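The values are calculated or read from the model by the stated rules, or taken from the named source; none is laboratory data. Keep in mind that what you see is a predicted model, and the values were worked out from it rather than measured. Backbone-built Cβ (ideal geometry, glycine too); neighbour counts: all protein chains shown. Heavy atoms of the whole protein, side chains included, go into the accessibility calculation; ligands, DNA and RNA do not. Shrake-Rupley method; radii C 1.70, N 1.55, O 1.52, S 1.80 Å.
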Amino acid sequence: RNRTLVTAAAVAILALTAGFVTSTVLYVRSERASTREQMISRFLTGDVLGAASKIRGREATVIDVLGAAIAELDKGEFRNHPLIEASIRKTLAFTYYALGYYAAAAEHQQFVYGIRKELLGDSHVQIDAELNWLAVFNYHAGKYREAKPLYEEVIEKAYWGWVGVRANLGTTLAGLGRYKEAETLLRESIEDPNWVTQLKLTGYAMHLGEIYREQGKYDLARPVLLKALDAGYQWQGEDFAAQRIFCMVRCMHNLGLLCLAQDADDEAEEWFRKGIDLGARELPGKDHPAMLRNVNGLALICIGQGKYAEAKTLLERALAGRRLKLGEDHPDTIKTINDLGILHREQKLFDKAEEHLGAAFEARKVKLGFNHPHTLESMKQIVQLYEVWGKPEKAKEWRVKLQQQQETE
């Protein structure tokens, strides 16, 4: 009768167990390995599974088991063994990251970095790696302002892998709308023959193509994105398979948006559907954020085709998944709210359109800044709303605001 729980728990425990012994050997040399393993075994089989088995009225999930692990850790199970707890939380961070729960990943990595820095010292060889991963998780959580100084700190130390960290800083600057600086850093990385590999090309060329697309450099974007996608197909190793698929799904999304911007709607739809199929089949968990980008993109195609009911279903799916895994203020979640406003505007549901477009604008202003390209795009959408709504004075008011902001860039 507990078969479902055991199956779900087994998956989580495999993830939680991976790396524990190795990490502990590195950081807790003063403790006997047998004692260490007994503590971890008791924690997993007793505390974690014991807590998860108390779930009633529904099937237990991997997230339930991870939640049980966190609850037990929060009780102070390893208060006197902080480096062991750091090892466990590091694996939790990577598990949440793989499943697309980026904010949760960043939270646990913050604990790992803090504990290891305190106990091992700022000069320990592993600390820079922990700082880099904290930046990575914050970036994916949409916390670009938090990620930027972390990357810059790692680069300043320049102990290891500075080319890759500079590339990651580039993706963060792109998130902040600083496309020209981002373009320079990404180009440098993929043109470095001593650093770039097929796997790295898949990811960083994808980001460079996205930056070109955001700037309207469509002729540059397409070959770079196709190159990135081809590199993903060529990478046949099992190592980093999920990372490869993640980048390919993102690449398909960018190709879809590129085609949409060039009025090639049929090709755009094809790319979005490919991204949905690949993401649903190969990425961990249900409705991974990378796959939901393509769901959101397909909704835009449906809006253009007048398939409003289908568009609404797709956007509601994207919004639910993004709220669950990314949070309410993640730029991707805000994007879906904005697109729901566009849908309502096309349906002539002007009150609802005003609500969603206004909410997206306010959220982008806070999260990204007043002069961010996406914030300015929100203002353009509001101007269009009032124009088709037959409210020329409101349209003029927002048009003036938009012009003033553009002049301050």
- Query: Would you say residue 277 is open to solvent by 60 Å² or more (accessible area, probe 1.4 Å), more than 22 Å from the chain's Cα centre (by Cα) and under 29 Å from residue 301 (Cβ atoms)?
  - Reply: no
- Would you point out which residue out of 383, 400 is open to solvent by less than 70 Å² (accessible area, probe 1.4 Å), hydrophobic (A, V, I, L, M, F, W, C) and without any contact (Cβ under 8 Å) to a residue 12 or more places away in the chain? 400
- Has the stretch 349-360 got any residue that is closer than 30 Å to residue 231 by Cβ and among the small types (Gly, Ala, Ser)? no
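Being closer than 16 Å to residue 405 by Cβ and not β-branched (Val, Ile, Thr): is that true of residue 345 here?
Criteria not met by residue 345.
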- Answer from 348, 391 - the residue that is surrounded by fewer than 16 Cβ atoms within 10 Å (Cβ to Cβ) and on the phi > 0 side of the Ramachandran plot: 348
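Can you tell which of 362, 354, 387, 377 is among the acidic types (Asp, Glu) and in contact with a Gly (Cβ under 8 Å, 6 or more places away or on another chain)?
Unique residue meeting the criteria: 354.
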- Item | Residue that is open to solvent by 60 Å² or more (accessible area, probe 1.4 Å) and assigned to a helix (DSSP H, G or I), where the choices are 111, 137 | 111
- The helices (runs of 4 or more DSSP H) lying wholly within the stretch 329-409 that contain at least 2 residues that are in contact with a His (Cβ under 7 Å, 6 or more places away or on another chain) and under 21 Å from residue 314 (Cβ atoms) are 331-346, 350-367
- Any hit, the stretch 260-272, residues being open to solvent by less than 10 Å² (accessible area, probe 1.4 Å), under 19 Å from residue 300 (Cβ atoms) and in contact with a Phe, Trp or Tyr (Cβ under 8 Å, 6 or more places away or on another chain): no
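How do the helices (runs of 4 or more DSSP H) wholly within the stretch 142-246 filter down when requiring 3 or more residues that are open to solvent by less than 20 Å² (accessible area, probe 1.4 Å) and in contact (Cβ under 8 Å) with a residue 24 or more places away in the chain: which remain?
Values: elements: 144-157, 162-175, 179-190, 198-214, 218-234.
By residue number, 162-175, 179-190, 198-214, 218-234.
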- Task: Return a yes/no flag: does the stretch 304-313 have any residue that is farther than 25 Å from residue 241 by Cα, at pLDDT 95 or above, out of contact with any strand residue (DSSP E or B) (no Cβ under 6 Å at 6 or more places or on another chain) and surrounded by 22 or more Cβ atoms within 10 Å (Cβ to Cβ).
- Result: yes
- Item | Filter pass, residue 118 being out of contact with any helix residue (DSSP H, G or I) (no Cβ under 9 Å at 6 or more places or on another chain) and part of a helix (DSSP H, G or I) | no
